[in-house]
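Read through the structure below, which is laid out as structure tokens, and then see the notes.
Each value in this text was obtained by applying a stated rule to the coordinates, not by laboratory testing. This structure is a prediction, so every number in the text was calculated from the model and none was measured. Quick reminder, even Gly has a Cβ in these numbers, built from the backbone with ideal geometry, and neighbours come from all protein chains shown.
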Amino acid sequence: MCGIVGYAGNNNGIEPVIEGLSRLEYRGYDSAGIAFQTSAGLRVVKKEGKLENLKGLLQSETNLFSSLVIGHTRWATHGAVNDTNAHPHENETFAIVHNGIIENASKLKEEIAKSNYQFKSETDSEVFLAYLTLE
Ligand code: GLU
């Protein structure tokens, strides 16, 4: 299984979201990531493997602050276990996370292939982002 944790409030949500993801570790996962809003725009930090790997990336940065944060632990169903396929997936405006399976993803990908959308990941989840991008 896998998990999603979100924070929207007045304080820094990064730590609470990481803490929330750590409470979901027992469910099993193969990668973890967070997306958060900053004054400079949307940021995504994600990493294959244990949450410790993601924490390591975040520790190298000081003064990270965001009051709008979403976190994800992935259990791969579509696509390899790697940094690129880890969630969140983002475009210039949105970051998305998804647990579960989009059953008709391959059919939807055929439809999206008629547009100029370039998939970055192998996940079924990115189909959702593709439609948001093409809106
Ligand atoms: N199907 C998605 C993927 O393979 C989400 C898997 C999950 O539930 O974490 O990325």
**Request:** Report, in whole Å, the centroid distance computed from the Cα atoms of the range 1-66 and the range 73-107.
**Result:** 16
**Message:** Test of understanding: in a Gaussian network model of the chain with alpha carbons linked when under 10 Å, which of Gly20, Gly28, Gly56 would top the mean-square fluctuation ranking?
**Reply:** Gly56
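By the scheme Lys and Arg +1, Asp and Glu -1, what is the net charge of all other residues having a beta-carbon under 15 Å from that of Leu68? Display every interim value, and only then the final one.
Details: positive: Arg43; negative: Glu15, Glu90.
For residues surrounding Leu68, the net value is -1.
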**Fill in**
From DSSP H assignment alone, runs of 4+ in the chain each adding -39500 (n - 2.57), the sum over residues rounded to the nearest 500 puts [θ] at 222 nm at -7500 deg cm²/dmol
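Of the chymotrypsin sites (Phe, Trp or Tyr not before Pro) in the range 41-100, which ones lie in a loop per DSSP and count no more than 14 other C-beta atoms within 10 Å? Numbers along the way, then the final one.
Working: sites: Phe65, Trp75, Phe94; in loops: Phe65, Trp75, Phe94.
Counting only loop positions with at most 14 other Cβ atoms within 10 Å, the chymotrypsin sites (Phe, Trp or Tyr not before Pro) in the range 41-100 are Phe65.
Go through Lys46/Lys109; Lys50/Lys114; Lys50/Lys107; Lys55/Lys114 and tell me which ones have a Cα-Cα distance over 28 Å in this structure. Kindly include the intermediate steps, with their values, before the conclusion.
Values: Lys46/Lys109 24 Å; Lys50/Lys114 37 Å; Lys50/Lys107 32 Å; Lys55/Lys114 39 Å.
Table pairs above 28 Å Cα-Cα are Lys50/Lys114; Lys50/Lys107; Lys55/Lys114.
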**Fill in**
For the range 14-97, Rg(Cα) over 2.2 N^0.38 Å is 1.02
**Asked** If you put +1 on each Lys and Arg Cβ and -1 on each Asp and Glu Cβ, how big is the dipole of the chain around its Cα centre, in Debye rounded to 20?
**Response** 140
**Asked** Considering only DSSP states other than H, G, I, E and B, which GluC sites (Glu not before Pro) in the range 32-65 qualify as loop sites with at most 10 other Cβ atoms within 10 Å?
**Response** Glu61
**Asked** Rounded if a/c is under 1.5, else prolate if a/b beats b/c, else oblate: with a ≥ b ≥ c from the C-alpha gyration tensor eigenvalues square-rooted, which is the range 69-109?
**Response** oblate
**Asked** Counting only Cα, what are the radius of gyration and maximum Cα-Cα distance Dmax of the range 51-135, in Å?
**Response** 14.4, 43
**Request:** Once you've got the GNM for the chain with C-alpha springs shorter than 10 Å, pick whichever of Asn11, Asn63, Asn99 has the biggest mean-square fluctuation.
**Result:** Asn63
